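*Asks:* Submitted below is the structure of interest, expressed as C-alpha coordinates.
The values are calculated or read from the model by the stated rules, or taken from the named source; none is laboratory data. The structure presented is a predicted model; accordingly, all values stated were derived computationally and were not measured. No Cβ is skipped: glycine too gets one built from the backbone with ideal geometry, and neighbour counts run over all protein chains shown.
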Amino acid sequence: MLMEFRQHCIEKAHSDDLENVTQVLALNHVFLFEDGKENNLREMFDGELWMAVVNDIEKQSVSYRLSNDDILRCHAMSEAASHTFEDCKSLLRKWQQQEADGDVLTEFFESMYLQQESWWNQEDAFVHEILGPVLKPFFASNKLLKRNWSTDTLDASSHRKKKFDPSLQGRKPDFSVFTSVKSKKEFLFVAEIKSPKHRGRSDLLDDKAKLGNEMKDSLDMMIDDGIENDDVIICGLLVQGFRYSVYTIDLKYDGVYRMALLGQFFLPRDNHDFWGLANAIQILMKAKIIVTHTCEICVKGLRTSKFKSKVVSKEQDLVAVGGENELLKTPQRKLMVRGSFFTPIKVPI
(Lines give C-alpha, C1' and ligand atoms only; values in the text may rest on other atoms or scores of the structure.)
Protein backbone atom coordinates (compact mmCIF):
# COMPACT_ATOMS: atom_id res chain seq x y z
CA MET A 1 0.00 0.00 0.00
CA LEU A 2 2.74 2.46 0.94
CA MET A 3 4.87 1.50 -2.05
CA GLU A 4 1.81 1.94 -4.27
CA PHE A 5 1.41 5.47 -2.88
CA ARG A 6 5.09 6.18 -3.49
CA GLN A 7 4.86 4.95 -7.10
CA HIS A 8 1.91 7.30 -7.61
CA CYS A 9 4.06 10.16 -6.24
CA ILE A 10 6.92 9.27 -8.59
CA GLU A 11 4.55 9.47 -11.54
CA LYS A 12 3.32 12.87 -10.36
CA ALA A 13 6.93 14.03 -9.95
CA HIS A 14 7.69 13.03 -13.55
CA SER A 15 4.89 15.33 -14.69
CA ASP A 16 5.97 18.06 -12.24
CA ASP A 17 2.63 17.71 -10.48
CA LEU A 18 3.48 17.05 -6.82
CA GLU A 19 0.74 18.59 -4.69
CA ASN A 20 1.97 18.61 -1.10
CA VAL A 21 4.73 17.76 1.34
CA THR A 22 3.39 14.23 1.93
CA GLN A 23 4.01 13.38 -1.71
CA VAL A 24 7.44 15.03 -1.73
CA LEU A 25 8.55 13.03 1.33
CA ALA A 26 7.22 9.76 -0.10
CA LEU A 27 9.78 9.99 -2.94
CA ASN A 28 12.42 9.26 -0.30
CA HIS A 29 10.38 6.48 1.37
CA VAL A 30 9.37 8.87 4.17
CA PHE A 31 5.68 8.34 4.90
CA LEU A 32 4.00 11.10 6.90
CA PHE A 33 1.42 9.81 9.37
CA GLU A 34 -0.27 13.04 10.34
CA ASP A 35 -3.94 13.89 10.09
CA GLY A 36 -4.73 16.81 7.81
CA LYS A 37 -6.83 17.66 4.81
CA GLU A 38 -3.78 17.77 2.54
CA ASN A 39 -2.35 14.41 3.61
CA ASN A 40 -3.52 12.16 0.78
CA LEU A 41 -1.59 9.24 2.25
CA ARG A 42 -4.50 9.09 4.70
CA GLU A 43 -6.83 8.34 1.77
CA MET A 44 -5.00 5.04 1.13
CA PHE A 45 -6.15 3.66 4.49
CA ASP A 46 -9.55 2.95 5.96
CA GLY A 47 -10.12 4.51 9.37
CA GLU A 48 -9.40 1.37 11.38
CA LEU A 49 -6.14 0.55 9.62
CA TRP A 50 -4.90 4.16 9.83
CA MET A 51 -5.51 4.22 13.59
CA ALA A 52 -3.76 0.86 13.98
CA VAL A 53 -0.62 2.26 12.32
CA VAL A 54 -0.78 5.50 14.33
CA ASN A 55 -1.24 3.56 17.58
CA ASP A 56 1.72 1.32 16.71
CA ILE A 57 3.90 4.40 16.20
CA GLU A 58 2.70 5.94 19.47
CA LYS A 59 3.67 2.77 21.33
CA GLN A 60 7.29 3.44 20.32
CA SER A 61 7.16 6.85 21.98
CA VAL A 62 7.23 7.55 25.67
CA SER A 63 4.40 8.49 27.97
CA TYR A 64 5.06 11.57 30.04
CA ARG A 65 2.65 13.56 32.18
CA LEU A 66 3.39 16.52 34.40
CA SER A 67 2.82 15.91 38.08
CA ASN A 68 -0.06 17.69 39.80
CA ASP A 69 2.45 19.96 41.56
CA ASP A 70 4.06 20.91 38.25
CA ILE A 71 0.66 21.63 36.67
CA LEU A 72 -0.09 23.94 39.61
CA ARG A 73 3.25 25.68 39.05
CA CYS A 74 2.37 26.23 35.40
CA HIS A 75 -0.98 27.68 36.44
CA ALA A 76 0.65 29.94 39.02
CA MET A 77 3.16 31.25 36.46
CA SER A 78 0.40 31.88 33.91
CA GLU A 79 -1.72 33.69 36.48
CA ALA A 80 1.20 35.87 37.60
CA ALA A 81 2.26 36.68 34.03
CA SER A 82 -1.27 37.71 33.07
CA HIS A 83 -1.00 40.58 35.55
CA THR A 84 2.57 41.65 34.90
CA PHE A 85 5.90 39.97 34.24
CA GLU A 86 7.21 41.52 37.43
CA ASP A 87 4.88 39.25 39.43
CA CYS A 88 6.81 36.26 38.07
CA LYS A 89 10.00 37.31 39.84
CA SER A 90 8.87 36.27 43.30
CA LEU A 91 7.65 32.88 42.03
CA LEU A 92 10.94 32.20 40.27
CA ARG A 93 12.93 33.24 43.34
CA LYS A 94 10.84 30.93 45.51
CA TRP A 95 11.24 27.95 43.17
CA GLN A 96 14.97 28.55 42.76
CA GLN A 97 15.34 28.22 46.52
CA GLN A 98 13.10 25.16 46.80
CA GLU A 99 14.07 23.10 43.76
CA ALA A 100 17.30 21.25 43.15
CA ASP A 101 19.74 22.41 40.49
CA GLY A 102 18.73 21.27 37.04
CA ASP A 103 14.98 21.56 37.59
CA VAL A 104 13.75 21.76 33.99
CA LEU A 105 10.48 23.49 34.84
CA THR A 106 12.14 26.35 36.72
CA GLU A 107 14.77 26.78 33.98
CA PHE A 108 12.03 26.88 31.35
CA PHE A 109 10.06 29.53 33.23
CA GLU A 110 13.23 31.58 33.68
CA SER A 111 13.75 31.47 29.91
CA MET A 112 10.19 32.58 29.25
CA TYR A 113 10.58 35.43 31.75
CA LEU A 114 13.89 36.61 30.30
CA GLN A 115 12.54 36.67 26.74
CA GLN A 116 9.65 38.98 27.62
CA GLU A 117 11.13 41.44 25.13
CA SER A 118 10.52 39.97 21.65
CA TRP A 119 12.93 39.84 18.72
CA TRP A 120 10.58 38.55 16.03
CA ASN A 121 11.96 40.38 13.00
CA GLN A 122 15.23 38.56 12.27
CA GLU A 123 15.37 34.78 11.92
CA ASP A 124 18.90 34.48 13.37
CA ALA A 125 17.88 36.58 16.37
CA PHE A 126 14.71 34.49 16.72
CA VAL A 127 16.71 31.24 16.74
CA HIS A 128 19.34 32.36 19.26
CA GLU A 129 17.42 34.73 21.51
CA ILE A 130 13.96 33.13 21.55
CA LEU A 131 14.22 29.48 20.53
CA GLY A 132 17.62 28.88 22.14
CA PRO A 133 16.51 29.67 25.70
CA VAL A 134 13.32 27.62 25.22
CA LEU A 135 15.19 24.47 24.14
CA LYS A 136 18.24 24.79 26.41
CA PRO A 137 16.56 23.41 29.59
CA PHE A 138 15.57 20.26 27.70
CA PHE A 139 18.72 19.77 25.61
CA ALA A 140 21.54 21.13 27.72
CA SER A 141 25.06 20.27 26.57
CA ASN A 142 26.78 17.63 28.69
CA LYS A 143 29.35 14.85 28.29
CA LEU A 144 27.19 13.02 25.76
CA LEU A 145 24.93 15.66 24.17
CA LYS A 146 26.04 18.73 22.21
CA ARG A 147 24.13 21.44 20.37
CA ASN A 148 24.69 22.95 16.92
CA TRP A 149 23.28 26.20 15.56
CA SER A 150 22.43 27.23 12.03
CA THR A 151 26.01 27.94 10.94
CA ASP A 152 26.92 24.23 10.89
CA THR A 153 26.24 21.74 8.09
CA LEU A 154 24.37 18.57 9.03
CA ASP A 155 26.98 15.82 8.86
CA ALA A 156 24.32 13.20 8.10
CA SER A 157 23.22 15.16 5.01
CA SER A 158 26.83 15.58 3.85
CA HIS A 159 27.40 11.86 4.43
CA ARG A 160 24.61 10.99 1.98
CA LYS A 161 25.53 13.56 -0.68
CA LYS A 162 29.23 12.71 -0.69
CA LYS A 163 28.40 9.14 -1.69
CA PHE A 164 27.24 10.67 -4.97
CA ASP A 165 29.86 13.41 -5.28
CA PRO A 166 32.57 14.17 -2.67
CA SER A 167 32.39 17.88 -3.51
CA LEU A 168 28.74 18.25 -2.45
CA GLN A 169 27.76 19.93 0.82
CA GLY A 170 24.97 18.92 3.18
CA ARG A 171 21.90 20.78 4.38
CA LYS A 172 22.08 23.24 7.28
CA PRO A 173 19.42 22.74 9.95
CA ASP A 174 18.66 25.77 12.11
CA PHE A 175 19.34 23.79 15.29
CA SER A 176 20.49 20.26 16.10
CA VAL A 177 21.48 18.00 19.00
CA PHE A 178 24.09 15.28 18.52
CA THR A 179 26.35 12.83 20.31
CA SER A 180 29.91 11.95 19.33
CA VAL A 181 31.77 8.68 20.02
CA LYS A 182 34.94 7.36 18.37
CA SER A 183 34.94 10.20 15.84
CA LYS A 184 31.37 9.29 14.83
CA LYS A 185 28.85 12.13 15.07
CA GLU A 186 25.22 11.01 15.36
CA PHE A 187 22.37 13.53 15.13
CA LEU A 188 19.44 12.91 17.45
CA PHE A 189 17.32 16.05 17.03
CA VAL A 190 17.09 18.61 14.20
CA ALA A 191 15.01 21.75 13.77
CA GLU A 192 13.78 23.91 10.92
CA ILE A 193 12.63 27.36 11.93
CA LYS A 194 10.64 30.20 10.47
CA SER A 195 10.17 33.28 12.63
CA PRO A 196 6.71 34.89 12.88
CA LYS A 197 7.59 37.35 10.11
CA HIS A 198 7.47 34.50 7.54
CA ARG A 199 3.94 34.08 6.23
CA GLY A 200 4.59 32.25 2.95
CA ARG A 201 2.87 28.87 2.89
CA SER A 202 5.33 27.42 0.36
CA ASP A 203 8.31 28.21 2.61
CA LEU A 204 6.68 26.37 5.50
CA LEU A 205 5.90 23.30 3.37
CA ASP A 206 9.47 23.29 2.04
CA ASP A 207 10.76 23.36 5.62
CA LYS A 208 8.65 20.34 6.59
CA ALA A 209 10.02 18.39 3.62
CA LYS A 210 13.55 19.52 4.50
CA LEU A 211 13.03 18.49 8.13
CA GLY A 212 11.76 15.03 7.18
CA ASN A 213 14.73 14.45 4.89
CA GLU A 214 17.20 15.65 7.54
CA MET A 215 15.67 13.24 10.06
CA LYS A 216 15.95 10.39 7.53
CA ASP A 217 19.57 11.32 6.73
CA SER A 218 20.38 11.21 10.46
CA LEU A 219 18.80 7.78 10.85
CA ASP A 220 20.53 6.42 7.73
CA MET A 221 23.92 7.64 8.94
CA MET A 222 23.44 5.88 12.29
CA ILE A 223 22.74 2.62 10.50
CA ASP A 224 25.75 3.15 8.20
CA ASP A 225 27.86 3.64 11.32
CA GLY A 226 26.76 0.27 12.70
CA ILE A 227 23.83 1.13 14.99
CA GLU A 228 21.65 -1.97 14.56
CA ASN A 229 19.08 -1.36 17.31
CA ASP A 230 15.68 -0.73 15.72
CA ASP A 231 14.49 1.22 18.78
CA VAL A 232 16.38 4.24 17.45
CA ILE A 233 14.06 7.23 16.90
CA ILE A 234 15.09 10.63 15.54
CA CYS A 235 13.21 13.74 16.65
CA GLY A 236 12.60 16.88 14.61
CA LEU A 237 11.12 20.29 15.39
CA LEU A 238 9.27 22.45 12.88
CA VAL A 239 8.82 26.04 14.05
CA GLN A 240 6.26 28.13 12.18
CA GLY A 241 6.20 31.41 14.05
CA PHE A 242 4.55 30.67 17.37
CA ARG A 243 3.50 27.13 16.35
CA TYR A 244 5.92 24.35 17.35
CA SER A 245 5.45 20.85 15.90
CA VAL A 246 7.60 17.95 17.13
CA TYR A 247 7.99 14.91 14.84
CA THR A 248 9.59 11.49 15.13
CA ILE A 249 10.92 9.12 12.47
CA ASP A 250 11.77 5.42 12.75
CA LEU A 251 12.69 2.49 10.49
CA LYS A 252 10.92 -0.64 11.69
CA TYR A 253 10.08 -2.12 8.29
CA ASP A 254 11.94 -2.56 5.02
CA GLY A 255 12.11 0.76 3.18
CA VAL A 256 9.40 2.38 5.34
CA TYR A 257 10.43 5.48 7.27
CA ARG A 258 7.47 6.42 9.45
CA MET A 259 7.33 10.14 10.24
CA ALA A 260 4.69 11.07 12.80
CA LEU A 261 3.61 14.06 14.86
CA LEU A 262 4.66 13.66 18.50
CA GLY A 263 2.86 16.82 19.58
CA GLN A 264 2.16 20.45 18.82
CA PHE A 265 2.13 23.55 21.00
CA PHE A 266 2.25 27.33 20.84
CA LEU A 267 4.66 29.67 22.60
CA PRO A 268 3.28 32.82 24.23
CA ARG A 269 2.93 35.94 22.10
CA ASP A 270 2.77 38.13 25.20
CA ASN A 271 2.27 37.91 28.97
CA HIS A 272 -1.44 37.08 28.57
CA ASP A 273 -0.68 33.96 26.57
CA PHE A 274 1.08 31.66 29.07
CA TRP A 275 -1.76 29.19 29.58
CA GLY A 276 -0.45 26.64 27.08
CA LEU A 277 2.95 26.19 28.74
CA ALA A 278 2.03 22.91 30.45
CA ASN A 279 1.39 21.30 27.06
CA ALA A 280 4.65 22.70 25.67
CA ILE A 281 6.63 21.29 28.59
CA GLN A 282 5.05 17.84 28.29
CA ILE A 283 5.82 17.57 24.57
CA LEU A 284 9.41 18.80 24.94
CA MET A 285 9.96 16.39 27.85
CA LYS A 286 8.79 13.51 25.63
CA ALA A 287 11.29 14.60 22.98
CA LYS A 288 14.02 14.87 25.63
CA ILE A 289 13.36 11.31 26.82
CA ILE A 290 13.43 9.95 23.25
CA VAL A 291 16.65 11.84 22.46
CA THR A 292 18.29 10.58 25.66
CA HIS A 293 17.27 6.97 24.95
CA THR A 294 18.54 7.09 21.36
CA CYS A 295 21.75 8.72 22.57
CA GLU A 296 22.31 5.84 25.00
CA ILE A 297 21.74 3.32 22.19
CA CYS A 298 24.24 5.13 19.95
CA VAL A 299 26.91 5.44 22.62
CA LYS A 300 26.64 1.78 23.58
CA GLY A 301 26.53 0.66 19.94
CA LEU A 302 29.49 2.74 18.81
CA ARG A 303 31.65 1.84 21.81
CA THR A 304 31.13 -1.89 21.31
CA SER A 305 31.02 -1.95 17.50
CA LYS A 306 33.88 -3.72 15.71
CA PHE A 307 32.59 -2.74 12.30
CA LYS A 308 33.53 0.08 10.02
CA SER A 309 32.00 1.26 6.75
CA LYS A 310 33.84 0.82 3.49
CA VAL A 311 32.83 1.47 -0.11
CA VAL A 312 33.50 -1.70 -2.11
CA SER A 313 32.34 -0.51 -5.55
CA LYS A 314 30.41 2.25 -7.26
CA GLU A 315 27.47 -0.09 -7.79
CA GLN A 316 27.39 -1.55 -4.29
CA ASP A 317 26.43 0.47 -1.25
CA LEU A 318 28.34 0.51 2.04
CA VAL A 319 28.89 -2.87 3.67
CA ALA A 320 30.22 -3.76 7.11
CA VAL A 321 33.83 -4.83 7.21
CA GLY A 322 35.47 -6.45 10.23
CA GLY A 323 39.22 -6.56 10.68
CA GLU A 324 41.64 -5.97 7.81
CA ASN A 325 40.51 -8.36 5.09
CA GLU A 326 37.38 -10.11 6.37
CA LEU A 327 34.24 -9.15 4.41
CA LEU A 328 31.08 -9.69 6.46
CA LYS A 329 27.48 -9.95 5.37
CA THR A 330 25.68 -6.60 5.16
CA PRO A 331 23.76 -6.10 8.46
CA GLN A 332 20.00 -6.62 8.29
CA ARG A 333 19.22 -3.01 9.22
CA LYS A 334 21.46 -1.80 6.40
CA LEU A 335 19.32 -3.72 3.92
CA MET A 336 16.24 -1.79 5.09
CA VAL A 337 17.75 1.59 4.19
CA ARG A 338 16.67 3.39 1.03
CA GLY A 339 18.49 6.22 -0.73
CA SER A 340 17.29 9.82 -0.79
CA PHE A 341 16.79 11.71 -4.00
CA PHE A 342 14.91 14.92 -3.18
CA THR A 343 17.79 17.38 -3.32
CA PRO A 344 18.46 18.45 -6.94
CA ILE A 345 22.01 17.90 -8.16
CA LYS A 346 23.71 20.47 -10.40
CA VAL A 347 25.25 18.66 -13.36
CA PRO A 348 27.73 20.63 -15.51
CA ILE A 349 26.92 20.67 -19.22
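*Asks:* Looking at Leu105, Leu92, which is the one that is of a type outside the set (D, E, K, R), modelled with pLDDT under 90, out of contact with any Gly (no Cβ under 7 Å at 6 or more places or on another chain) and under 28 Å from Tyr247 (Cα atoms)?
*Replies:* Residue meeting the stated conditions: Leu105.
*Asks:* When Ala76 is evaluated against the numbered criteria (1) modelled with pLDDT under 85; (2) over 30 Å from Lys216 (Cα atoms); (3) of a type in the set (Gly, Ala, Ser), which criterion, by number, is the only one it fails?
*Replies:* (1)
*Asks:* I'd like the residue in the stretch 271-289 that is outside any helix (DSSP H, G or I) and in contact (Cβ under 8 Å) with a residue 60 or more places away in the chain and, out of all such residues, is farthest from Leu145 (Cα to Cα).
*Replies:* Checked the stretch 271-289; the qualifying residue farthest from Leu145 (Cα to Cα) is His272.
Conditions (1) buried (at least 18 other Cβ atoms within 10 Å of the Cβ); (2) more than 23 Å from Lys59 (Cα to Cα); (3) at pLDDT 95 or above, marked per residue:
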position: Arg199; (1), (2), (3): no, yes, no
position: Asp203; (1), (2), (3): no, yes, no
position: Asp207; (1), (2), (3): yes, yes, no
position: Glu228; (1), (2), (3): no, no, no
position: Gln240; (1), (2), (3): yes, yes, no
position: Ile249; (1), (2), (3): yes, no, yes
position: Tyr253; (1), (2), (3): no, no, no
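*Asks:* How about the stretch 64-88: which of its residues are small (Gly, Ala, Ser) and without any contact (Cβ under 8 Å) to a residue 24 or more places away in the chain?
*Replies:* Result: Ser67, Ala76, Ala80.
*Asks:* Does any residue in the stretch 217-232 that is under 19 Å from Lys288 (Cα atoms) come within less than 8 Å, Cβ to Cβ, of a residue that is in a loop (DSSP other than H, G, I, E, B) and at pLDDT 90 or above six or more places away or on a different chain, and which pairs are these?
*Replies:* Here the result reads Leu219/Val232; Met222/Val232, each pair linking the stretch 217-232 to a residue that is in a loop (DSSP other than H, G, I, E, B) and at pLDDT 90 or above.
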